[in-house]
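The values are calculated or read from the model by the stated rules, or taken from the named source; none is laboratory data. Owing to the predicted nature of the structure, the values given are computational and were not obtained by experimental measurement. Ideal geometry is used to build each Cβ from the backbone, glycine not excepted, and the neighbour counts take in all protein chains shown.
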Amino acid sequence: MVGAFLFLIPMVPYATFRATEPESRPVMPWIPAPVVTFPFHPPGSAGDSDGRDIGGRTSPFSARAVRETSRGWEWKGLETPGWKILMAPHFVVRGDVPIDRLRTVGAHLEEFLKAIQDLLGGDISDIMFSARVFSDSHEFRRYAVRSGAPNAESFYDPRSAELVICLAGSPSAAWLQKTLAHEFAHEYMDRVWKRTDPLWFAEGLAEYFSNFAVRDGRMVPGALDGRALLLLRLEELGPLTRFLKLDRGEMYGVTFARHYAQAWSFVHYLFSRKDETIDLLLRGESLKNVEELEKGWLEYLKKLE
């Protein structure tokens, strides 16, 4: 959870830019544990090893789909050794990973863009989204520290309007897809809807979007997160009014995994209502009738279990 100054040298101009601003905290860091410890990939999800979806079609995340989607995309080397820039239809992807990995990232993001437009709407005219991909964990950590996300596995930084991820250690395809989907949900919410808060909504929406299935050749967000449901069953939930007011320290503190799970479940419930609540939140409105929503959410959780 980008200006032309990032095109030539991946790190120094960004650090110089940041030095002119007050100390920044990225609004959307993703702490390692929710990604590594609690992945959940439902049947037919993008993480399936056979590359097919539950409708029998080729998955849009398969190697074949990536090749077809990225055919003709232009790329070039940057001045910093090993760094390249890839131009996809709606994304600028920079990285020091092999070009086929940049193509994979770009193709996945293009698929996520189609899905999130269907989910949230919004005008993307004249918007180019940005992603930065590191191959080395030490370089990524240095960059993350400079960006104010020292403990993040990946993050979206609204200051640079950039999704940042590290592919050191050859992470699984499922991890890559889930992580990209989570961070891109933050980027889309910020770039298209100008929203990075409230935190519970931003993280809940990102978790809702990154738990998905693949049906009939398309990504379908909103799959159940079994690990999140397990976390929510471990102890009694506190009042919704308190949860909705969590600040950064609490949201990303020692109990962050539970907060992510609670945010996912509440946003999942709001989508199930099929009313105007999500649209109102995207437009910056506050929730109304919280007691009524809490009652409905708790009943909804029982059904999910």
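The selection criterion, being more than 22 Å from A206 (Cα to Cα) and either polar (S, T, N, Q) or surrounded by fewer than 19 Cβ atoms within 10 Å (Cβ to Cβ) (or both), holds for H138. Of all residues in the stretch 266-304, those satisfying the criterion of being among the polar types (S, T, N, Q) and out of contact with any Leu (no Cβ under 6 Å at 6 or more places or on another chain) are S272, S286, N289. Within the stretch 67-115, being small (G, A, S) and not in a loop (DSSP other than H, G, I, E, B) holds for S70, G77, G95, G106, A107, A115.
Taking every residue in the stretch 235-255 that is modelled with pLDDT of 90 or more and pairing it with any residue that is of a type in the set (D, E), at least 6 positions away or on another chain, the pairs with Cβ-Cβ distances below 7 Å are L240/E294; M251/E203. Scanning the stretch 116-144 for residues that are β-branched (V, I, T) and either at pLDDT below 95 or part of a strand (DSSP E or B) (or both) gives a single hit, V133.
Only helices (runs of 4 or more DSSP H) whose full extent lies in the stretch 225-305 are considered here, and the ones with at least 3 residues that are hydrophobic (A, V, I, L, M, F, W, C) are 226-233, 256-273, 277-282, 290-304. Out of A65, A161, A168, one residue alone is of a type outside the set (K, R) and closer than 30 Å to D279 by Cβ. It is A161. Scanning the stretch 226-270 for residues that are among the basic types (K, R), over 20 Å from the mean Cα position of the chain (by Cα) and under 27 Å from A149 (Cα atoms) yields R242, K245. Taking the criterion of being surrounded by fewer than 16 Cβ atoms within 10 Å (Cβ to Cβ) and within 28 Å of S62 (Cβ to Cβ), would at least one residue in the stretch 149-166 satisfy it? No, there is no match, as no residue in the stretch 149-166 is surrounded by fewer than 16 Cβ atoms within 10 Å (Cβ to Cβ) and within 28 Å of S62 (Cβ to Cβ).
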